Amino acid sequence: MSEKTLDQAALKKIGMMRQVQPDYYVMRLKAVGGELTAPQLARIAEVAEKYGRGQVHLSTRQGVEIHYVHKDNLEAARNDLADAGVEMGACGPRVRSVVACPGSETCRLGVLDTKPLSREFDARYFKQEMPSKFKIAVTGCSSNCTKANENDIGVRGAIDPRWEADECTDCGLCVTVCPLGAIGRRDGDDGQGRDYHYAIDEAACINCTICTSLCPTAAWAVGRRGHTIFIGGTMGRKPRFASVLKKIVESEDEVYALVEASISWYRENGLKKERFGHTIDRVGLEKCKEEIFARAGSQQD
Amino acid sequence: MQEQDHSRIENIDLRGVSCPVNATMAKKAISQLHEGETVRIIFDSGESLIRAVRSINDAGYRIVKSEQLDNAVAVIVGKGKPAERP
Ligand code: SF4
Ligand code: SF4
Ligand code: SF4
């Protein structure tokens, strides 16, 4: 990498970006799901000291960047990092580092074990060429700490509450604590032998665990448990909130099939530099969803 | 059962008291209840209500009623235990 004219596109592919300062580069490192080991951090610190200016920059997507690396040192710095298992990130029109929250492994609110899923997405898609940049996020529950709906693909832990009349004391707490006001008390039997029942407005419900975890008698039970899949979110210059592809996907196999179908659909339909969400808007969300479900061999909600 | 002084802690208005102080004050009030007594506590709606309710459940008290007010929620709490969850 010491010849005079460096191939900028090739450098971007491996997470190296030109700085304002001539001959200096940013090295963007990969941290799948925001994870780095202590020895990796130590090596990053060493490299930043040796080849940069002794500091790092933390990106908004869990990336660590070493700034002020001279072009003549890029290769040596990269090798030092690679020796400790620290890989380079990605820039340009390709799949970026997969981000994730800590998930159910450590978070008390977690519904989904985010780390294995994010590692699998990384193994399948990291650095693959796309029409434009492509971001994948995994978040453990509806608190949405990793902002699933700001990403091209977002996977969020989800549960489907089920009301069990025999346990319910009609206290009304679920109605007042549901953050979306999605629960209502209705007159009449729902088949469970009471003259009232509690029902959920499915369109409003975000599949969090607030009703199931706060009901004093556990009358809201966890029915199905799985993943909500979002497509087409982006921030940047032309923000677009993601669309829900499917609210509850129980099996991981179906998650992978739907993500694969979404990515292949975007590859075929996306124009150069057009983000996934903008392709969806140009083609039409319903048509896009139909085609994705057909490709994945899966059914809509 | 002996005579109880119900008027002591009938209604506690914790609107405007922020999290986690609201939950701490609520739990202090509930801990002073005798068997069979309840207390009505008013919280602001939103995230701090959810935290306060979680904290009341975790402390082993039983919410028996809840009603929606304007931008606030009243809960009536007694000493029984909430259900065990699988
Ligand atoms: S999204 Fe949920 S599981 Fe993930 S860190 Fe936030 S609260 Fe925890
Ligand atoms: S919180 Fe539970 S017990 Fe109370 S009304 Fe709702 S379902 Fe019934
Ligand atoms: S899962 Fe969450 S949003 Fe859905 S009804 Fe329960 S509390 Fe409301």
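Spin-label pair A:D301-A:T60: with each label point 7 Å from Cα along the Cα-Cβ axis, the two points sit 2.6 nm from one another. Of the accessible area of chain A, computed with a 1.4 Å probe over protein heavy atoms only, carbon and sulfur atoms account for 48 percent. With a cap of 16 neighbouring Cβ atoms within 10 Å, and only residues DSSP puts in a loop, list the chymotrypsin sites (Phe, Trp or Tyr not before Pro) found in the stretch A:222-295. Answer in residue order: A:F241. For a paramagnetic label modelled at 7 Å from the Cα of A:A9 toward its Cβ, which residues of the stretch A:96-131 fall within the zone defined by backbone nitrogen distances under 19 Å? Within reach of a label on A:A9, which here means backbone N under 19 Å from a point 7 Å along Cα→Cβ, the stretch A:96-131 contributes A:96, A:127-131.
Between the beta carbons of A:L271 and B:K81, assuming R0 = 45 Å, the FRET efficiency works out to 0.15 to the nearest 0.05. How tilted is helix B:47-58 with respect to the longest principal axis of chain B? Cα atoms for both, answer in degrees (0 to 90, nearest 10). Compared with the principal axis, the helix lies near 30 degrees. Checked against a 26 Å cut-off, the cross-linked pairs A:K115/A:K272; A:K127/A:K247; A:K246/B:K65; A:K147/A:K273; A:K50/A:K115; A:K71/A:K272 give Cα-Cα distances beyond that limit for A:K115/A:K272; A:K127/A:K247; A:K246/B:K65; A:K50/A:K115; A:K71/A:K272. Helix A:114-125 and the long axis of chain A differ in direction by around 50°, with both axes built from C-alpha atoms. Take the Cβ atoms of A:Y256 and A:A42, set R0 to 51 Å, and the FRET efficiency comes out at 0.90. Annotation: extensible slack from A:A76 through A:R282 equals 69.7 nm (criterion: 0.36 nm per residue apart, minus Cα-Cα distance). Relative to the dominant Cα principal axis of chain A, helix A:74-83 is inclined by about 50°. For the stretch B:9-79, the solvent-accessible area of protein heavy atoms averages 48 Å² per residue (probe radius 1.4 Å; ligands and nucleic acids excluded).
The stretch A:12-83 to the stretch B:41-86: how many Å between their Cα centroids? One Cα centre to the other: 48 Å.
The values are calculated or read from the model by the stated rules, or taken from the named source; none is laboratory data. Just so we're clear, the structure is a prediction, and the values are computed from it rather than from any experiment. Note: ideal-geometry Cβ built from the backbone for every residue, glycine included; neighbour counts use all protein chains shown. These area figures cover heavy atoms from the full protein model, side chains too; ligands, DNA and RNA do not enter into them. Shrake-Rupley method; radii C 1.70, N 1.55, O 1.52, S 1.80 Å.
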